[in-house]
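Visitor: What follows is a single structure, and I will ask about it in a moment.
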Amino acid sequence: MKIIELKETVTASNDRDAEALRAELKEKGTLLINLMASPGAGKTTLLERTIADLKDRLRIAVMEADVDSDVDARRAARAGARAIQDRSKTLPGMRREHCRSQPLHRMRSLHDALQVRRDSAVA
């Protein structure tokens, strides 16, 4: 049996990219929340309620990553958030660099489009 010794985790590069994005958003006073759960768990309902409760005090943006439908992005927009639909279809078989860089680039673009200020972040 051949043993392969790993010098770093398989996701180390992605972890570095994510840490850089967290630092960048923190410096700009932006709170980023990644909401994930099984289909039908109530993510969109929770998001709609959160948007309704906070939209008058905060600038809220949603990046929806459903490659088959824009229903959830439209629901978030109707609730009062700025919403974009990511249909990049970055599936496991695609180049790793594309999978890592595209969502991060879209988050930065969404942040810049909102011109989020430090005073609009959740304390």
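No value in this document is a laboratory result; all are computed from the given coordinates. The model shown is predicted, which means the values in this text are computed figures rather than measured ones. Counting neighbours? That spans all protein chains shown, and the Cβs are built from the backbone with ideal geometry, glycine included.
Visitor: Quickly work out the Thr11-to-Lys43 label distance, labels modelled 7 Å from Cα along the C-beta direction, and quote it in nm with one decimal.
Guide: Going by the 7 Å Cα→Cβ label model, 1.5 nm.
Visitor: Grab the other residues whose beta carbon is less than 15 angstrom from that of Pro39, score K and R as +1, D and E as -1, and report the net.
Guide: Its environment carries a net charge of -2.
Visitor: Shifting gears a bit: Taking the beta-carbon count within 10 Å as an exposure proxy, list Leu35, Leu58 from fewest neighbours to most.
Guide: Least to most surrounded, the residues fall as Leu35, Leu58.
Visitor: I would also like to ask the following. At Arg22 and Asp68, where each label point lies 7 Å from the Cα along Cα→Cβ, what is the point-to-point distance in nanometres?
Guide: 3.2 nm
Visitor: Now for a different question. Based only on other Cβ atoms within 10 Å, what is the fewest-to-most ordering of Val67, Val10, Val62?
Guide: Going from sparsest to densest Cβ surroundings: Val10, Val67, Val62.
Visitor: Considering only the other residues whose Cβ falls under 10 Å of the Cβ of Asp66, what net charge follows from Lys and Arg at +1 and Asp and Glu at -1?
Guide: Residues close to Asp66 contribute a combined charge of -4.
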